[in-house]
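Novice: Could you have a look at this structure, given as C-alpha cells, before my questions?
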Amino acid sequence: MSYVFQFGTVWRELDHLLLGAWLTLRLSALAMVFGLAVGVAGAQAKASSSRLLRGMVQCYVEAIRNTPFLVQLLLIYLGLPSLGLRLTPDQAALLAMVVNLGAYATEIVRAGIEAVPNGQIEAGRALGLKPWHIFRFVVLMPALRTVFPALGSQFILVMLASSVVSVISAEELTAVTDTIVARNFRSFEFYFVITGIYLALSLGFQALFAAVDHALFARWADRA
Amino acid sequence: MIREFSLGEVWFLVLAARWTVLLTIVAFVGGTAGGLAIAMLRVAKSTVLRGAAATYIKVLQGTPLLMQLYLVYFGSNLLGFGANAWASAALALTLYASAFLGEIWRGCIQAIPRVQWEGAQALALGHFLQLRLVVLPQALRIAIPPTVGFLVQLLKGTSLASIIGFTELTRAAQMVNNATFRPFATYALVAVLYFVLCWPLSMSSRRLEHRLDREGIAAARVAAAANT
C-alpha cells in the first residue's frame, strides 16, 4: 500500500469538526424534543374514540416505519416545493427527523400507555382528579417511565441517522466534513475521525439518558 | 431538455427496485453468517472473545451506517481494490447486519432457560454441541420475528448505498428526477415501492410475534426488545 495516512490534516481542521459535532448535537436535541411531542400526541390520538383519527395515526406510523429516512428527507426537501412549501436544507432536515422520530415515538409511548393498569386510572377518578391531571400524572408519567429506555435508544438512532441529512447539505457534522474533504481529498482520515466522534456522541447520549432516567424516575421506585 | 414523467419512468423505477432487493439479500446472507458468529462469540466461555464481540456490536451500533459505507468505500480504494460501489455497499451492509443480528440472536440464546444447557451438559455434550443441538434449535423459534423485523431495517438501509453511487431504487429516483424534474411524483412513487417491499415483512414479523406470545413464550418479548 503506497498511501500515506495524514491525520495531521484532520488535527488542523479540528475546530471545524467540533463545530460540526455541535451542529449535529443541536439538530438531534431539537428533533428529540419535537419528536417526543409528536409521539405523545400520536399515542393520545391512538387512544381516542374516533376511528378516523386512530386510522390516520396508524397510516402515518406505518408509512414512516416502512420507508427509508433518506426517501422521506428527499420527498420533504425536493418534493414539497412543488406543493408550495419551500424549506431551507436545515428546516427540511429538522422536519424530516421530527416526522420520522414521531412515528417511532408514537408506537413506543402507546405501548407504555397500554401498560398502565386500568385500576390506576379508576383510582385517579375516585380521587376526583381532572381528566387532564389523570392523563398527566396517572397515565403519561408512568408510561414514559416504563418506555424511557426504548425511547432513549430511538433517540440515539435518530442522532445517527442525522448524518444522512448531509445529502441535502443541511449543516451538521457529516456535511461539514464533506466540504473539507472536497478540498483536500483526505476522505478516509476525516470520515474515520468523525466516525469516532459519532461513537462518542452516542455513548455520551447513552450515559446522559441513564442519568436522566435515574434522576427523574428513581423516586418512583421499582420499574416493572 | 426535460422528459415527461411517463410509464417508462415508472417501469425504470420498478426495475431498479430489484437491485435494492438483491443488495438486501446479499447483505442478509452475509449478515446471517457474521451474526451467527458474533452471537456465538457473545455467549462464549472466554471473556476476551465475549468482550471483542461486545465491542464490535457497540461500535457498529453506535456509528452511522453512512459512515460505515464511507469507510469501506474509501478504505477499499486505499487498499488497492478500487472504488467499487456495489462491493463496498454489500460489505458494509454485511458488517452492519452482522452486528444487529448478532445482538438479536444473543438475546434469543440467553432467553433459553439455563436448565437446557445443564441438561445438555448432563448428556456429556461439549459447549459447542450444547449450543448446536440443544440451545440454537430452540432459540431459532423465538429469533424469527425480530429477525424479519430487522430485515425491514436492512432493506431501508440499502437506500444509503445510493450516496456512494450504487444504482438501486433511491439512486434511480435521483436519475429520473434529474431528467423529468418531477421530484414529488418521483419520490412519492419510490416511497410507495419501498412500502410495498417493507410492509409485508413488518406485518409478518408482528404476526409471528403475536403467535409466539399466544403460545406463552414470554421470551419473544425479550428478543423483540433487542431489536429496537
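No value in this document is a laboratory result; all are computed from the given coordinates. All values derive from a computational prediction rather than experimental measurement. Cβ atoms come from the backbone with ideal geometry, glycine included; neighbour counts cover every protein chain shown.
Novice: Each residue of segment A:186-191 in turn: what ³J(HN,Hα) in whole Hz from Karplus with 6.51, -1.76, 1.60 and θ = phi - 60°, glycine and Pro shown as x?
Specialist: Once θ is set to phi - 60°, the couplings for segment A:186-191 become 8, 4, 4, 4, 5, 5 Hz.
Novice: Also, I was wondering about something else. Once phi is turned into θ = phi - 60°, what whole-Hz ³J(HN,Hα) does the Karplus curve with 6.51, -1.76 and 1.60 give for every residue of segment B:41-51, x standing for Gly and Pro?
Specialist: Result, ordered by residue: 5, 5, 10, 5, 6, 6, 5, 5, 4, 4, x Hz.
Novice: Additional query: Which of rounded, prolate or oblate describes segment A:31-216 when judged by the alpha-carbon gyration tensor and an a/c cut-off of 1.5?
Specialist: oblate
Novice: I would also like to ask the following. So what J values fall out for segment B:131-148 if you push phi through Karplus, 6.51 cos²θ - 1.76 cosθ + 1.60 with θ = phi - 60°, rounded to Hz, Gly and Pro as x?
Specialist: Computed from phi, the couplings for segment B:131-148 are 5, 6, 8, 10, 7, 4, x, 6, 5, 4, 4, 7, 7, 4, x, x, 5, 5 Hz.
Novice: R0 = 35 Å: FRET efficiency of residue A:115 with residue B:55, Cβ-based, nearest 0.05?
Specialist: 0.55
Novice: Taking the Cα centroid of segment A:108-159 and of segment B:18-59, what is the distance between the two, rounded to the nearest whole Å?
Specialist: 35
Novice: Ignore the peptide's own chain and count Cβ atoms of other chains within 10 Å of each Cβ in A:54-64; give me the average, rounded.
Specialist: The shielding value for this peptide is 1.
Novice: Label segment B:61-185 by shape, choosing from rounded, prolate and oblate, from the square roots a ≥ b ≥ c of the eigenvalues of the Cα gyration tensor; if a/c is under 1.5 it is rounded, and otherwise prolate applies when a/b is larger than b/c, oblate when it is not.
Specialist: Prolate.
Novice: Here's something else I'd like to know. Would you look at the GNM of chain B, springs on alpha carbons closer than 10 Å, and say which of B:27, B:122, B:139 moves the most?
Specialist: Ranking B:27, B:122, B:139 by mean-square fluctuation puts B:122 first.
Novice: Still on this structure, I have one more. Report the residues of segment A:79-123 in range of a label on residue A:179: point 7 Å along Cα→C-beta, backbone N strictly under 14 Å from it.
Specialist: Correct set: A:89-90.
Novice: Once you have a ≥ b ≥ c as the square roots of the Cα gyration tensor eigenvalues for segment B:7-225, tell me rounded if a/c is under 1.5, and otherwise prolate or oblate according to whether a/b is larger than b/c.
Specialist: Since a/c reaches 1.5 but b/c is at least a/b, the shape of segment B:7-225 is classed as oblate.
Novice: Only Cα pairs under 8 Å and at least 6 apart count here; give the relative contact order of chain B as a rounded whole percent.
Specialist: Relative contact order here is 29 percent.
Novice: Another question, then. Per residue of A:156-166, how many C-beta atoms from partner chains lie within 10 Å of its own C-beta, taken as a mean?
Specialist: The per-residue average across the peptide is 3.
Novice: Taking Cα atoms, how many degrees apart are the long axis of helix A:141-161 and the longest axis of chain A, rounded to 10 and kept between 0 and 90?
Specialist: Around 20 degrees separate the two axes.
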